[in-house]
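Just below is one structure, and these are the notes that go with it.
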Amino acid sequence: NRALPTCEAMICGVPVAAYETGDTSTVVRDGETGLLVRSGDVDALAAALARLLSDAALRGRLAGAARALARETFVSWDARIGMELEIIAALARKRSGRPEDRPPA
C-alpha cells in the first residue's frame, strides 16, 4: 500500500519526501532512500521538501540509494501483471473446485 508516484520517482532517481503512511516506509527509508514525515504533518513535509531543494548533495545521495533499492526490489510491469494473473487464476481454480495443477477443460 504505497503510492505509485513514489515508486516511479525512485525508479527515475528522483529524491522523495513523503508521509509515513501505509507501506511507504518499506521503500522510503528516512535519511537513506528519501525523507519521511509523520502522516498529515504539512509543515514537516514542507520542511523536508525545502531541505531537498537546498541540499544538492543530499538530493544526490538519496536519489542514488532510492534508485538502487527500486532496481533490486521492484518488478517489471510484465512480471507484476503475470503475478497478478496467477493469483486470479489460482482463486478461480479454488472457487471452481479444480485441482491447482489441472487446467480448465
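Using r as the Cβ-Cβ distance of I87 and A3, and R0 as 25 Å, what FRET efficiency do you calculate, to the nearest 0.05? That pair, I87 with A3, gives E of 0.70. Principal-axis analysis of the Cα atoms of the chain puts helix 56-73 at an angle of about 10° to the longest axis. Under a model in which nothing but the beta-carbon of Lys, Arg (+1) and Asp, Glu (-1) is charged, the chain shows a dipole of about 300 debye around its Cα centre.
Leaving out ligands, DNA and RNA, what percent of the accessible area of segment 1-88 is carbon and sulfur, probe 1.4 Å? After summing per-atom areas, the C and S share lands at 57 percent. Rolling a 1.4 angstrom probe over the protein heavy atoms with all chains in place gives the chain an accessible area of 67 Å² per residue. Applying 1/(1 + (r/R0)^6) with R0 = 22 Å to the Cβ-Cβ distance of E72 and R29 gives a FRET efficiency near 0.95. Quantify how much of the Cα-Cα distance distribution of segment 14-105 extends past 16 Å, in percent. Roughly 65 percent, rounded to a whole number.
Binning the C-alpha pair distances of segment 2-52 at 5 Å intervals from 0 yields a P(r) profile of 5, 24, 35, 26, 10, 0 %, listed from the shortest bin outward.
The simple Förster model, with R0 at 41 Å and r as the Cβ-Cβ distance, assigns E20 and S96 a FRET efficiency of 0.50. Taking a point 7 angstrom from the Cα of L58 along the C-beta vector, which residues in segment 18-40 have backbone N less than 14 Å away? Taking a point 7 Å out along Cα→Cβ of L58, the residues of segment 18-40 whose backbone N falls under 14 Å are 18, 30-37.
Each of L58, S96, T26 was scored by the projection of its Cα onto the charge dipole of the chain, and the greatest displacement toward the positive side belongs to S96; charges sit on the C-beta of Lys, Arg, Asp and Glu.
The values are calculated or read from the model by the stated rules, or taken from the named source; none is laboratory data. For clarity, every value in this text was computed on a predicted model and none was experimentally measured. Neighbour counts are summed over all protein chains in view; Cβ atoms, including those assigned to glycine, are modelled from backbone coordinates with ideal geometry. Ligands, DNA and RNA are stripped out before the accessible areas are found, and what is left, the full protein with its side chains, is counted by its heavy atoms. Shrake-Rupley method; radii C 1.70, N 1.55, O 1.52, S 1.80 Å.
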